[in-house]
Amino acid sequence: MNLADSLSEHLRLTEKQKGVLERSGFKTVRDLLWYFPSRYEKFSAPKAVADLIEGDEAAISGRVISSKTLKTWRKRMAIAETMVSDGTGTLRVVWFNQPYMANILMPEKTYSFSGKVRQNKKGLCMTNPDYKEGGLVFAENTDDKNKLMPVYPESRGLHSKWFQFAIKKILKTALPEIIDSVPKEILKRYHLPSLRKALLEIHGPTNEKMAVAARKRLAFEEIFLIQLDRQKKRIERDKLNAGSILADQNLIQSFISGLPFDLTSAQKRAIDQVLADTAKTRPMSRLLEGDVGSGKTIVAALAAYAASLNGRQTAYMAPTEVLARQHYKEFIERFKPYRLQIALATSAEFRKFPSKAYPGKDTHIAKNQLLKWIASGEISILIGTHALVQDKIKFKNLGLVIIDEQHRFGINQRAKLAQKSIPHLLSMTATPIPRTLALTIYGDLDLTLLDEMPPGRKKVITAIVPPSQRERAYEQMRAEIKNGRQAYVVCPRIEENSVAAAKMSLEMKSVKVEHKKLSASIFPEFKVAMLHGKMTPKEKEKTMDEFRENKTQILVATSVIEVGVNVPNATIIMIEGAERFGLAQLHQLRGRVLRSTHQPYCFVFTES
């Protein structure tokens, strides 16, 4: 048997089963063996059939007298019904939606069953029990009492019992063919079982300790192979020539002196590391990790400035249009005195600074014109969304690629942008990744940590607000706005959907409904705006500009504001339906109010 063999070569499958397996991604022997249990169930206390009563969680062992498939009268559901006798009595064992069980359990053979005993019109029965071949020994200290049965995640047409049966059968013949990809000396160093032992134990553990050890071993292998792959790519990349970007220290210091704020020592250290990397011909591959508001963008701006001094172009990719437009405006502000040509490219619009007609302003331009200027090298810095990976965008002399919030892009998107010539690569993220995990996932990148916040930043006060305290949270928001501050209210969706709402057990707040409620009845004295993904780029830009200028005091939005949005005067954020956001999302959303020296607040509302 080969791990690449088709399942149908080793299992008797109907055409329907083949279709279900293929649609679920089970094509080869390896696909099946690497499908692991989600949990384990212990066999219940052994009992004689004669002693069973309704509601018992028990285990019995007995001889199969007969098995048949039936269909329920009303729902026409296929069931398998088996009669089992242990000498003290006879019990019906029933499986719903698993008719194949009637063929798996062999007549006159002894099996053990563990499950709940129920009463119906036909008498006592055990429904959908765990089972195994052989009988139970009725003693206090038996392995059967603690026997762990694997329970596999189920999908339509594929039940846990089928996986138990199929994997057990495949393992018998597949194990000799399995080659361990982790060297023996590494297994020995970390006290890990071999791959064969791990597969046996994860699918049929001797005990809980062995199940944990098997899972740890298989997780280790997955990370080990990711690291090998990353290191291989890094070695291949290091052989390439990206051309050196030499930074004139006098010009760099002049740029830093012109900033309206002082750099932190962490920022200075990061700038030194980035410029040292780009000075080499070997392509830079660096991950800049720093919390929200720690000043990653200015490090990126300095790297782009150094590239422009060498006649090299920079591509800066952001995950959302809102963030791309914000970076575009910030770069215009920073580079106005240096007469750099800066452009914006999203799926919706193309802009350029400076305008030829109005040198101090930017202008909307046609896509074809922008493509010509990028290809001729006239554009020094191109900022955009995933639109930058389009094949039509061709650079004359791309020297630096910057990827903001790099976890938001797929590996292929990042690679596609980095393949536009051989540039230096700077990735950035504000999601707090432990150093060991960062080195595992991004093993092909050098890691720089911005572990220092600009002076004067206060720690955000975060509170989970129960429904009874909602009014107090609104009063706190009112007080903050009266003191001149602004607020965000974040909702999980854009608008109400009556069909979807009927299916949901939890009330799910929407931007449009909350906007109407807040502006009409809760905060009529303030201007409330909304921002979401269905708005046009012009509408989004107008809304954000008015919020930045404090023309609106409350912005009701979806998670479109999650990354990078920078409004220092906004010091309070309310997150509705927080259980519907991921942990990294919540961290990023809270970061929206960490942009100034005022005290920030984050109120988290949850229905569960």
Report, by residue number, each residue of the stretch 178-229 that is surrounded by 13 or more Cβ atoms within 10 Å (Cβ to Cβ), of a type outside the set (A, V, I, L, M) and outside any loop (DSSP other than H, G, I, E, B). Arg196, Lys197, Glu201, His203, Arg215, Lys216, Arg217, Phe220, Glu221, Phe224, Gln227
The stretch 237-261: number of residues that are open to solvent by less than 40 Å² (accessible area, probe 1.4 Å) and farther than 24 Å from Gly443 by Cβ: 7
How many residues of the stretch 83-107 are open to solvent by 30 Å² or more (accessible area, probe 1.4 Å), in contact with a strand residue (DSSP E or B) (Cβ under 7 Å, 6 or more places away or on another chain) and outside any loop (DSSP other than H, G, I, E, B)? The answer is 3
Filter result for the condition that a residue is open to solvent by 40 Å² or more (accessible area, probe 1.4 Å), modelled with pLDDT of 90 or more and among the β-branched types (Val, Ile, Thr), over Thr264, Thr297, Thr281, Thr314: Thr281
Could you please find all residues in the stretch 33-76 being hydrophobic (A, V, I, L, M, F, W, C) and in contact with a Lys or Arg (Cβ under 9 Å, 6 or more places away or on another chain)? Phe36, Phe43, Ala45, Ala58, Ala59, Ile60, Val64
Find all pairs meeting these conditions: Cβ atoms under 7 angstrom apart; at least six residues apart or on different chains; first residue within the stretch 148-171 and of a type in the set (S, T, N, Q); second residue buried (at least 19 other Cβ atoms within 10 Å of the Cβ) and not in a helix (DSSP H, G or I). Ser160/Tyr152; Gln164/Pro150
Given (1) under 20 Å from Glu495 (Cα atoms); (2) outside any loop (DSSP other than H, G, I, E, B); (3) in contact (Cβ under 8 Å) with a residue 24 or more places away in the chain, number of the condition Glu607 does not satisfy: (2)
Among Thr72, Thr110, which is among the hydroxyl-bearing types (Ser, Thr, Tyr), surrounded by fewer than 19 Cβ atoms within 10 Å (Cβ to Cβ) and at pLDDT below 90? Thr72
So Arg237 ticks every box in (1) closer than 24 Å to Thr429 by Cβ; (2) outside any loop (DSSP other than H, G, I, E, B); (3) at pLDDT 90 or above but one. Which box is left unticked? (3)
Filtering the stretch 3-21 down to residues that are in contact (Cβ under 8 Å) with a residue 24 or more places away in the chain and within 15 Å of Lys172 (Cβ to Cβ), which residue is surrounded by the most Cβ atoms within 10 Å (Cβ to Cβ)? Leu7
Can you run down the residue pairs with Cβ atoms below 9 Å, 6 or more apart or on separate chains, where the first is in the stretch 91-112 and acidic (Asp, Glu) and the partner is open to solvent by less than 10 Å² (accessible area, probe 1.4 Å)? Glu108/Val64
Flagged in the stretch 442-481 as more than 30 Å from the chain's Cα centre (by Cα), over 17 Å from His598 (Cα atoms) and free of Cβ contacts under 8 Å to residues at least 12 places away in the same chain, in numbering order, are Ser468, Gln469, Glu471, Arg472, Glu475
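Looking at Lys372, Lys329, which one is open to solvent by 50 Å² or more (accessible area, probe 1.4 Å) and within 30 Å of Thr558 (Cα to Cα)?
Testing whether each residue is open to solvent by 50 Å² or more (accessible area, probe 1.4 Å) and within 30 Å of Thr558 (Cα to Cα) leaves just Lys329.
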Based on what the data block shows, is Gly62 part of a loop (DSSP other than H, G, I, E, B) and over 30 Å from Val20 (Cβ atoms)? no
Of all residues in the stretch 419-452 being open to solvent by less than 50 Å² (accessible area, probe 1.4 Å), modelled with pLDDT of 80 or more and of a type in the set (A, V, I, L, M, F, W, C), which is nearest to Asp391 (Cα to Cα)? Leu425
Under the condition of being under 23 Å from the mean Cα position of the chain (by Cα) and at pLDDT below 90, which residue from the stretch 590-606 is surrounded by the fewest Cβ atoms within 10 Å (Cβ to Cβ)? Thr606
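The values are calculated or read from the model by the stated rules, or taken from the named source; none is laboratory data. What you see is a predicted model; the values in this text were computed from it and never measured. Please note: Cβ atoms are built from the backbone with ideal geometry, for glycine as well, and neighbour counts cover all protein chains shown. Just the protein is used for accessible areas: all its heavy atoms, side chains included, with ligands, DNA and RNA removed. Shrake-Rupley method; radii C 1.70, N 1.55, O 1.52, S 1.80 Å.
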